[in-house]
Structures are given as C-alpha cells and as structure tokens.
Amino acid sequence: MKGSPPVTDRQARAVRLGPRSVAALALISAIGVAAFGWPLLADSASGLAHSQDAPWLFAALLPMLIAVVVATISDTGLDAKAIAMLGVLAAAGAALRPLGAGTAGIEPMFFLMVLSGRVLGPGFGFVLGSVSMFASALLTGGVGPWMPFQMLAMGWVAMGAGLLPGPDRLRGGRELVMLAAYGAVASLLYGTVMNLQGWPYIGSLATGVSFVPGDPLGENLARFVAYCLATSLGWDVPRAVVTVVATLALGPTVLKALRRATRRAAFDARVSFEDA
C-alpha cells in the first residue's frame, strides 16, 4: 500500500549495551589505540618514545582491561542463553583459525567473526572476537605478548560489524556485498595494527624499515609503511580475499542460521510473573 512503512525484520541483540558497557568499550578502545600506536603517537621528548618497555607494559595491561570490559558487559546483559551461544561461536572460531594459520594469511575465522558481529550486535561481537582469539591461542600454542593485542584487534573487527548500518532492514545481496567489503577492509586493517604491535621490537636491527625511537612522525610513518609492504602484505591480501569469498559463498546460510538461533533464543523476551 502506498505510504506504508517499509517492512522490517527486527534483529534481536544478544547483548543490550548500557551506559556502563559503552563507557567500558570506549575506554578499552582508547587505551588500545595508545597501545598499538604509541610509537607514532609519543612525542619525541617523552619518556615513552625512548622506552623499550612500552610494548611489554601494554601487553601486561591489556588482558586486565579486556577482562574488565567483558565482566562489565556480562554484568549488564549477557545471560545464560547468550553465554551458551558465545561458547559455541567462540569454539567454532577457535577451530577455524588453525585451518589456515601460517599459510599465506589464510584465516577463515574472520568471516565468521564478521557475520556473528553483524547478527548479534557490537557488544556481543567484541566479547566473541576477544574470547575466540584467546581460545585459538591456547589451541595453537600462540600464547605470547602479542596475544592481548590480537584479542583486542579481533574484538574490534567483530564489534565493527555490529555497528554497520541497516541491521533490521538491509537483507539479501546488498547486505552480503556490504559485509564482504567490510570484511576485506577489516582483514587488511587487522594486519596493519598488528604490525604496529611487532614493529618496535625490530628497532635494534637498524634496518631501513625499523622503528627509531624519538624520530619525527613522518619519518617513522614512512618506515612503517615500508615495513608493512615488505613483511605482511602477502598475508593481509590473501586474508582479505578469503574473507570476501567465504562471506559471499557461505554468508546467506550462516546469516540465516544465526538469525534463526537468535529468534529461538528470544534474547529480547521479557520475563513476567503472574499470580496463579
């Protein structure tokens, strides 16, 4: 009928973010930007710019902060049904990662994180990305100072998918193209920010792509771009390609299954009590 409102397929959210959860996510994201970008953000006159301990300091700090954020989100809306779904998806993500780990950047878990974040929302997405990366690190023996950074970066990937527009209205081919494009960009950015985590460690090698503490931003930034092109582009591009192909090929089925599961879980249902 003319003038009728568009039909919507309202999407249930496994986690309803309250003010405390939003504040916690904003805080960990701000600290995460500092943790990843301190080589480029630190002033040349500051003690941080000349410290070789900064990566270790952030590696020790981030797990505690991520735990606080997860606890805050759990306290404000992660019920038993959401925890059960979190366990299943985190186990699936952890199992997918070793299938291509160390092989030209082929990491099939990215498409699952993107689709899950899209359906279940940014709060659930952040927790899922962090927990999945933690579980996969334990599974593959990839525990080290880089792990907290991986957890935060993957949390951002899944959270960003939950923030994409049109969660209740956009469906079909347009949604898949949007998710595939986001997955490609997120895959490339993931590799870039993880390069920031490891780049300061090679400063002692004194190569043309090494981080030089205290050097001007422009010079260090040029070295960082050269470092990315020389070391990780061959892994980042295949990761993006695999994510796009998996999203386009498996996306309709996975999205349908996730949305059916959220409807059956009835995350938005309110419990009420009546007299007998």
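The values are calculated or read from the model by the stated rules, or taken from the named source; none is laboratory data. From a predicted model like this one, the values you see are computed outputs, not experimental measurements. Neighbour counts run over all protein chains shown; Cβ positions are idealised from the backbone, glycine included. Heavy atoms of the whole protein, side chains included, go into the accessibility calculation; ligands, DNA and RNA do not. Shrake-Rupley method; radii C 1.70, N 1.55, O 1.52, S 1.80 Å.
Any residue at all in the range 108-121 that's under 18 Å from GLN197 (Cβ atoms), at pLDDT 80 or above and either under 15 Å from the mean Cα position of the chain (by Cα) or among the charged types (D, E, K, R) (or both)? Yes, that holds for at least one residue. Against the criterion of being touching a residue at least 60 places away in the same chain (Cβ under 8 Å) and part of a helix (DSSP H, G or I), MET159 qualifies. Before we move on, is VAL193 under 16 Å from the mean Cα position of the chain (by Cα), among the β-branched types (Val, Ile, Thr) and closer than 22 Å to LEU96 by Cα? For VAL193, the condition - under 16 Å from the mean Cα position of the chain (by Cα), among the β-branched types (Val, Ile, Thr) and closer than 22 Å to LEU96 by Cα - is met. Screening the candidates LEU163, LEU188 for the property of being closer than 18 Å to GLY125 by Cβ, of a type outside the set (D, E, K, R) and at pLDDT 90 or above yields one hit, LEU163. Can you name the residue in the range 67-107 that is surrounded by 20 or more Cβ atoms within 10 Å (Cβ to Cβ), outside any helix (DSSP H, G or I) and not hydrophobic (A, V, I, L, M, F, W, C) and is also modelled with the highest pLDDT among such residues? Across the range 67-107, the extreme among qualifying residues is GLU107. For the range 158-169, which positions are open to solvent by less than 10 Å² (accessible area, probe 1.4 Å) and of a type in the set (A, V, I, L, M)? The answer is ALA158, ALA161. Is there a residue being of a type in the set (Phe, Trp, Tyr), under 30 Å from TRP38 (Cβ atoms) and open to solvent by 30 Å² or more (accessible area, probe 1.4 Å) anywhere in the range 207-219? No, that holds for no residue. One residue stands out in the range 45-66 among those that are of a type outside the set (A, V, I, L, M, F, W, C) and surrounded by 14 or more Cβ atoms within 10 Å (Cβ to Cβ): the one that is modelled with the highest pLDDT, namely PRO63. Count of the range 127-152 residues, restricted to those that are under 17 Å from MET194 (Cα atoms), of a type in the set (Gly, Ala, Ser) and surrounded by fewer than 24 Cβ atoms within 10 Å (Cβ to Cβ), is 3.
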